[in-house]
Amino acid sequence: MNLPALGGRLRGAAAVLALPLLALTACTSGDPGGTAAVGAKASAAPTGNPVASVRKVDDIAALLPADVRRSGTLRVGSAVGFPPGAYYPNGADKAPAGQDIDLADAVAKVLGVKLQRQDASFETILAALGSGKYDVGTGNFGVTTERLKSVDFVTYINDGQGFAVKKGNTELKKVTDLTQLCGLTIGTGAGTTFEATLTAQKGVCAKAGKKPYDVKVYAENAATLSALQQGRIDVLMSTINGLRYQATQPAAQTTFLGEYHRLDVGFAFAKGSPLTKAFQAAVDELIKDGTYARILEKWGTSASAIETSRINPPEHA
């Protein structure tokens, strides 16, 4: 899910940002059974189709490599895990929905191409880009210094890292420093910037003279939420937008503890990909014509809007 490493990133991003821990539905494609978290139900997708009116823009489509223009298709590795990013509102046998799905579809229409979307687990997509398996990856991938060494990004939103606890937990409020988590058990997603951050900063508790926090990593979003609901973890770390949305769902029974670290989120490409300029121009076109704002409004993420798309921006301080 992002929202891979802070100097490493959330996971999906992560992205983090990435790993979506929003298990109100079936989790990522790594959950073959589509098992929902305890007491959770799939969230219905918002109505409206802001992508319907998007049309091809020839000048932008011309930025694509000739072979892509000829084939008319792009292979997309897509991590589907939780709303509002990408999830299965009607079960894994139906089409995915979410902000990332709408944005990718809108970009494809501007470019005049079809997307061959393939479900993939968050932690596998970035490596698969380098091998040529996919042309582009989506999954709320956060832009980090570490990831920029091997992957190119075209940004489309601003998200980041946050924390949540089980509803009714009054011991933690807003988390602004990891020492607030000393002695607790934190659950997060495999291969995310969340995991990387927690691992890299694990020594902060010893320096503060406190008991270290414990990190439990889960491959499936539903498993992480279930662990929180059942008391096997005290806190979960995931994407800001995902956790904020999750807290509005009665079945999840979580409380969002606020933003910890902001990250740009983008479409991911193999290093040196010739697709980045076309994607950047397409995102900017969607911002310009208002489609972008309508998509974010549909999914309740307008507060994370960006003013312009960027290729490989530096990680947020």
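The values are calculated or read from the model by the stated rules, or taken from the named source; none is laboratory data. Predicted model, so just to flag it, every value in this text is computed and none were measured. Quick reminder, even Gly has a Cβ in these numbers, built from the backbone with ideal geometry, and neighbours come from all protein chains shown.
Tally the residues that are surrounded by fewer than 17 Cβ atoms within 10 Å (Cβ to Cβ) and over 30 Å from ARG310 (Cα atoms), restricting the search to region 157-179.
So the first thing to find is which residues in region 157-179 are surrounded by fewer than 17 Cβ atoms within 10 Å (Cβ to Cβ), and the list is 167-174, 176-177, 179.
Keeping just the survivors that are over 30 Å from ARG310 (Cα atoms) gives 167-174, 179.
The qualifying residues number 9.
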Checked against (1) within 24 Å of GLY85 (Cβ to Cβ); (2) at pLDDT below 90; (3) assigned to a loop (DSSP other than H, G, I, E, B); (4) not polar (S, T, N, Q), LYS173 satisfies every condition except (1)
Pairs only if they're at least six apart or on different chains, beta carbon under 6 angstrom, first in region 193-212 and farther than 24 Å from LEU263 by Cβ, second surrounded by 14 or more Cβ atoms within 10 Å (Cβ to Cβ) and hydrophobic (A, V, I, L, M, F, W, C); list them, first residue then second. LYS210/CYS182; LYS211/CYS182; PRO212/CYS205
Failed condition for LYS277, given (1) surrounded by fewer than 18 Cβ atoms within 10 Å (Cβ to Cβ); (2) modelled with pLDDT of 95 or more; (3) outside any helix (DSSP H, G or I); (4) not hydrophobic (A, V, I, L, M, F, W, C): (3)
Looking at LYS94 and the list (1) out of contact with any Ser or Thr (no Cβ under 7 Å at 6 or more places or on another chain); (2) modelled with pLDDT of 95 or more; (3) not aliphatic (A, V, I, L, M), which single condition is not satisfied? (2)
Looking for something crowded, with 23+ Cβ neighbours inside 10 Å and either within 23 Å of ASP59 (Cβ to Cβ) or of a type in the set (Val, Ile, Thr) (or both) - is there at least one such residue anywhere in region 114-124? no
Index of the failed condition, LYS216 passing every other in (1) buried (at least 20 other Cβ atoms within 10 Å of the Cβ); (2) modelled with pLDDT of 95 or more; (3) in a strand (DSSP E or B): (1)
Looking only at region 127-158, which residues are in contact with a Pro (Cβ under 7 Å, 6 or more places away or on another chain) and in a helix (DSSP H, G or I)? ARG147
Residues that are at pLDDT 90 or above, in a loop (DSSP other than H, G, I, E, B) and farther than 17 Å from LYS211 by Cα, drawn from region 176-195: THR176
Can you pull out the residues in region 282-303 that are surrounded by 22 or more Cβ atoms within 10 Å (Cβ to Cβ) and in contact with a Leu (Cβ under 7 Å, 6 or more places away or on another chain)? ALA282, TYR292, ILE295
